[in-house]
Amino acid sequence: MKRLGFIAALSMLLVAFSASAASAAQTTTINPANAPTGTHFQTGTATCAVDATTLLVTCSTYELAGVGNTNATGALVASYTATVQCRNHGGQIVEVKSQVTGATATTGSLSPKNGRLTVPSLTSSPVPTAADFEAQATCPNGNWTKETLTGTITLSSFTYTLTFAGFEGAYITITGNDP
């Protein structure tokens, strides 16, 4: 029984270490000057996580209090890169780096109730396809064929913001690079 408890404790430490290593590539900035005076977290925290399998970024739900009647908008932008090859009829290959910024996910305008603002989770979607990268790539001429190399589509960065109406900048900014 003690061995099982010890293994469970080690597993939790490993999970905690893995989570901290995965989030090490993120920076969170909270700027009180860009929110109503007294704004604070009531429940939850603003965090984002990257799914290593799907490359989707999901930012958590949380609630802010002390916002008065000030609306806010959450936004998430993810950028992806891939390597595209251009191949001519003679078999010559030229590598081209291609970058696509994914569509922006947004909460739309959020209205507080009784001075509290519930911010829903946001997920980046969709991840660009090989065809999206090939459309952005430029080959030496139209006779070359574009091919996205298998396994090269990656998340290069993301930015999450929560911005209050009437304020110049974001109250919360989370930036990250794929670890």
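The values are calculated or read from the model by the stated rules, or taken from the named source; none is laboratory data. Predicted model only: the values in this text are computed from it and were never measured. With ideal geometry, Cβ positions are generated from the backbone for all residues, glycine too; neighbour counts draw on all protein chains shown. Surface accessibility is based on the protein's heavy atoms, side chains included, excluding ligands, DNA and RNA. Shrake-Rupley method; radii C 1.70, N 1.55, O 1.52, S 1.80 Å.
Before we move on, is THR101 surrounded by fewer than 17 Cβ atoms within 10 Å (Cβ to Cβ) and at pLDDT 95 or above?
Numbers: surrounded by fewer than 17 Cβ atoms within 10 Å (Cβ to Cβ): yes; at pLDDT 95 or above: no.
The answer is no for THR101.
Say whether the condition of being open to solvent by 70 Å² or more (accessible area, probe 1.4 Å) and not basic (Lys, Arg) is met by at least one residue in segment 78-87.
No, segment 78-87 contains no residue that is open to solvent by 70 Å² or more (accessible area, probe 1.4 Å) and not basic (Lys, Arg).
When LEU162 is evaluated against the numbered criteria (1) more than 20 Å from LEU56 (Cβ to Cβ); (2) aliphatic (A, V, I, L, M); (3) modelled with pLDDT of 95 or more, which criterion, by number, is the only one it fails?
(1)
Would you be able to tell me the number of residues in segment 35-67 that are among the small types (Gly, Ala, Ser) and exposed (fewer than 15 other Cβ atoms within 10 Å of the Cβ)?
3
Mind listing just one residue for me: the one in segment 159-173 that is crowded, with 22+ Cβ neighbours inside 10 Å and of a type outside the set (Ser, Thr, Tyr) and, of those, farthest from the chain's Cα centre (by Cα)?
PHE164
Let me spell it out: the conditions are (1) within 30 Å of ALA35 (Cβ to Cβ); (2) without any contact (Cβ under 8 Å) to a residue 24 or more places away in the chain, and ALA131 meets all of them except one. Which number is the exception?
For ALA131, the exception is condition (1).
Return the total of residues in segment 122-141 being modelled with pLDDT of 95 or more and over 23 Å from the mean Cα position of the chain (by Cα).
Residues meeting the conditions: 0.
How many of the residues in segment 118-138 are open to solvent by 50 Å² or more (accessible area, probe 1.4 Å), more than 30 Å from ASN69 (Cα to Cα) and of a type outside the set (Asp, Glu)?
7
Looking only at segment 142-157, decide whether some residue is part of a helix (DSSP H, G or I), free of Cβ contacts under 8 Å to residues at least 24 places away in the same chain and within 25 Å of the chain's Cα centre (by Cα).
No, that holds for no residue.
Just the residues that are surrounded by 14 or more Cβ atoms within 10 Å (Cβ to Cβ), of a type in the set (Val, Ile, Thr) and over 27 Å from THR107 (Cβ atoms), please, taken from segment 139-158.
THR148, THR152
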